[in-house]
Amino acid sequence: MQQKWLFFDIGETLISEHKRVRIRNDQTFALLKERRPGLTAAEFNVAYRSVLKDLRYGDRAKITQIAQKILGKGAGGIWEEYVSRFLEDTEMDESRNPNRYFELFPETHRVLEHLQSRYQLGVIANQKIWARERVVKHFGLDRYFRVMALSDEIGLSKPDLGIFHYALDAAKAQPSDAWMVGDRIDNDILPANALGMGTVRISHAITEDAVIKPKAPAEVAKMEITDLSEMLKAF
Ligand SMILES: [Mg+2]
């Protein structure tokens with residue numbers, strides 16, 4: 001019998017990035033407060049909440065939009081300043097102190113443990129070059145995966161279909177025998193749907209970022225879940 005494969009994204013799928021989001025929000029607040037000294041945390045939160053509903057993915061969009069809400073024309077160059085003042089150091093620190101930025105979702109090990117008895121498991125993820133050691137192995141996830149397609153190791157990143165083909169080739173699997181499980185429409189669901197893979201979209205109920213809604217049929221996952229353990233019923 002042909003083995004079925006389940007491929008997982010990492011960030012916000014197996015590993016929570018909420019701590020990282022909080023750190024970046026605190027940094028953004030500090031930066032905006034320099035430009036508008038009277039800014040309060042409450043005002044910042046109002047602006048943050050109001051941009052969430054139209055948010056596109058990524059820190060650049062988020063930080064720029066929050067700054068525009070709060071500073072108006074005074075928001076010019078905010079992203080560039082954020083990168084030079086905070087982002088470069090923060091990214092370095094992430095590789096050294098992963099626990100400060102990342103944590104497992106409570107159900108991750110239990111779900112993978114269960115699924116690995118019935119499926120072949122793999123990873124298709126956009127991750128920094130240090131992620132295999134400092135994220136995947138650090139959190140004890142490496143033992144589950146027979147195939148790991150990590151963007152910075154192979155020089156291909158989602159949504160490029162090449163990284164999906166790389167993983168499917170390594171697995172010797174047809175798209176129709178494989179599922180992609182991930183949180184992002186643009187990087188996970190849309191390309192996997194295009195290839196004819198099954199798709200599971202996870203939107204964590206506790207997520208701080210807005211849950212971006214699909215805008216076209218090609219963006220709709222076959223299965224929508226808010227907790228990884230919901231997969232146990234279906235798979
Ligand atoms: Mg993700």
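What follows is calculated from the coordinates using simple rules that are stated; it is not laboratory data. Quick caveat: nothing in here was measured; it's all calculated off a predicted structure. As a convention, Cβ positions derive from the backbone with ideal geometry for all residues, glycine included, and neighbour counts pool all protein chains shown.
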Residue-averaged 222 nm ellipticity for the chain, from DSSP H runs of 4+ at -39500 (n - 2.57), nearest 500: -11000 deg cm²/dmol
Ranking of MET180, MET231, MET223, MET92 by count of other Cβ atoms within 10 Å, fewest first: MET92, MET223, MET231, MET180
Average Cα contact separation per residue, the range 91-210, under 8 Å, 6 or more apart, as relative contact order %: 18
The range 65-172 pair-distance distribution - Cα-Cα, 10 Å bins, rounded %: 12, 31, 31, 17, 8, 1
In nm, spacing of pseudo-spin labels at ARG56 and ALA41 (7 Å Cα→C-beta vector): 3.1
Of GLU224, GLU113, GLU17, the one that fluctuates the most in a GNM where the chain has Cα springs shorter than 10 Å: GLU113
Quarter of the Cα convex hull surface for the chain, i.e. its orientation-mean projected area (nm²): 13.0
About the Cα centre, charge dipole magnitude for the range 78-235 (Lys/Arg +1, Asp/Glu -1 at Cβ), debye: 680
Residues ILE154, ILE15, sorted so that the one with the fewest Cβ neighbours within 10 Å comes first: ILE154, ILE15
Over 22 Å [Cα-Cα, the range 18-100], rounded percent: 22
HN-Hα J in Hz across the range 180-190 - Karplus 6.51, -1.76, 1.60, θ = phi - 60°, x for Gly and Pro: 10, 10, x, 9, 9, 5, 5, 9, 10, 6, 4
Two-site label geometry, ALA194 and ARG85: point separation in nm, points 7 Å out along Cα→Cβ: 3.7
Selected from HIS204, HIS114, HIS165 as most flexible by GNM, with the chain as the system and alpha-carbon contacts under 10 Å: HIS114
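How do LYS53, LYS19, LYS62, LYS233 rank when sorted from fewest to most other Cβ atoms within 10 Å of their own Cβ?
Neighbour counts put them in this order, fewest first: LYS233, LYS53, LYS19, LYS62.
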Amide H within-cut-off set for VAL123, under 5 Å, with H built and near neighbours excluded: PHE8, VAL147, MET148, ALA149
